[in-house]
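Below: the structure, in structure tokens.
Laboratory data are not the source of any read-out in this text; all were calculated from the coordinates shown. These figures come from a predicted structure and were not determined experimentally. With ideal geometry, Cβ positions are generated from the backbone for all residues, glycine too; neighbour counts draw on all protein chains shown.
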Amino acid sequence: MPQANNQKGSLLFVSIDFPPARTSGIYRPVFFTRYLIEAGWKVTLLTGASHLSTVMDESLYREIHPELEIVRASAPMPRAITGKVYEKYRKATESGGAAARPPLKVRLFVGLKKYLLSPVFRVVDNFLLIPDNYIIWAIKNLWKSYRIIRSHNVTHLLVTSPPQSVQIMGLVLSYLTGVRYITDFRNSWTDNQPYRYRIREKIEKSLERRVLKRSKAVINMSSGDVDRLLARMPDFPREKLHVVTNGYNEWDFADCPETAIKPDGPLTMLYVGTMYTHSGDSTAEALKLLAGDGFTAADFQLTVIGFADRSFEKLVEEYGVGDMVVNRGFMNHDDLMKEYSRYDVMYLLTGGTAYYHRGALPGKIFEYMRLGRPILHVGIEGTTHDMLKPCGLEIFAPLDNPAEIAARMTVLLKQKRASMLAAAPNRAYIEAYEWRRLAQTAEGIISGVK
């Protein structure tokens with residue numbers, strides 16, 4: 001591994017998301033810090049000691065540069081309290097079957113959550129924890145981050161969000177220390193947020209404007225995020241805005257054997273992530289239409305690696321297509337990479353939630369593109385669709401049209417049976433999204449901040 005020469009400066013990277021937590025936000029801090037160190041930066045990472053995510057993946061540790069100094073900081077998380085109560089209830093009900101009655105202790109916990117904790121936390125969430133639950137973490141660890149900046153002679157501060165509370169920490173630190181403050185927004189802050197209260201929206205937009213104005217450079221996940229920001233703030237300096245997407249790691253594919261698509265057997269489709277009802281219901285309806293046309297699990301099989309929403313599972317059972325859907329649950333990253341090439345088609349969903357708006361860019365698409373298999377994109381036209389079109393792999397179907405989704409699946413099955421399910425990936429285009437290249441772009445942005 002290339003060694004750092006530590007000549008460019010000292011940088012503090014603040015990110016709540018970091019291994020072993022398996023979240024979509026861990027890849028930027030892992031790979032940005034890795035290649036910043038290789039480029040000659042001394043990097044310290046401040047992250048959470050724990051995470052609301054219950055999914056942990058220790059295989060991700062091998063991606064971290066050995067010279068990265070990691071400081072883990074804790075804070076009480078109100079949301080974790082109600083989450084633990086709900087988890088107790090879920091496990092108790094599932095362990096005993098559908099007709100099981102939870103024990104008295106669990107029922108008391110649920111009553112406490114429903115009639116006391118949930119109402120109290122709704123008030124706290126909406127009017128006190130602004131912009132989010134992690135404001136407690138940001139306040140509690142402000143002094144710790146201040147001491148790191150002073151003791152490590154930090155020259156640059158890079159803060160990635162969400163959660164957006166860490167940007168409040170970055171804003172305050174920039175005033176206290178004069179450090180060069182750089183923001184990295186994996187998702188836009190106030191766009192597409194379903195605010196229930198106008199006062200909350202005004203406060204957050206005011207905080208967002210202060211953060212953006214103070215930032216020396218603003219890194220965004222997609223060009224769509226930049227366009228929406230400029231539409232709201234047309235006078236904002238365009239030269240401060242940059243785009244660095246997520247990407248894929250080339251060495252992850254060393255254990256991902258390239259296999260030919262066989263004409264026999266079902267058309268196997270792989271979905272990685274969480275299959276929510278509000279975005280997955282059209283998938284269930286499409287499978288129902290296929291079943292009505294006489295197709296069975298011998299023709300189509302959709303595998304979910306991650307989590308399938310319980311409502312989605314109930315829906316496919318109600319439609320009588322449960323045997324077409326296989327939920328394999330969580331899989332660590334190393335094992336997932338070995339699984340990819342076993343499937344004929346990568347399945348992608350966008351739309352259906354505020355998160356998957358037209359400017360959203362799911363991180364999984366970059367590994368999908370690198371794999372080189374056809375990508376059945378069921379979603380909305382927007383940033384993801386625009387990015388996939390040049391790669392030569394996308395088959396698009398509108399999220400709100402189950403008949404069109406079923407038709408696309410049928411065509412893919414016919415191509416498989418005729419040994420014509422082949423893709424022509426645009427390798428030159430796809431290679432631009434390798435993490436090393438993206439991190440080098442980010443390093444250039446950071447180095448340019450004076």
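Quick notes
- Taking a ≥ b ≥ c as the square roots of the eigenvalues of the Cα gyration tensor, region 210-345 is prolate, since a/c reaches 1.5 or more and a/b is larger than b/c.
- When the listed pairs LYS213/LYS450; LYS8/LYS450; LYS8/LYS213; LYS216/LYS450; LYS144/LYS450; LYS288/LYS364 are checked against a 18 Å cut-off, the alpha-carbon distance exceeds it for LYS8/LYS213; LYS144/LYS450; LYS288/LYS364.
- Averaged over residues, the count of other Cβ atoms within 10 Å places the peptides 323-330, 152-159 in the sequence 152-159, 323-330, highest first.
- Estimated inter-spin distance, TYR61 and ASP227, nm [label 7 Å along Cα→Cβ]: 4.3 nm
- Charge tally in the Cβ shell below 9 Å around THR47, where Lys, Arg are +1 and Asp, Glu are -1, THR47 excluded: 0
- Cα-centred dipole magnitude for region 297-345, charges only on beta-carbon of K, R (+1) and D, E (-1), debye, nearest 20: 120 debye
- Assigned charges on the beta-carbon of Lys, Arg, Asp, Glu; region 318-450 dipole about Cα centre (debye): 380 debye
- Positive end of the dipole of region 386-450 (Cβ unit charges, origin at the Cα centre): among LEU413, LEU438, GLY392, the Cα lying farthest that way belongs to LEU413.
- Proximal aspartates and glutamates to LYS262, defined as alpha-carbon separation beneath 14 angstrom and excluding residues fewer than eight positions away on the same chain: ASP299, ASP344
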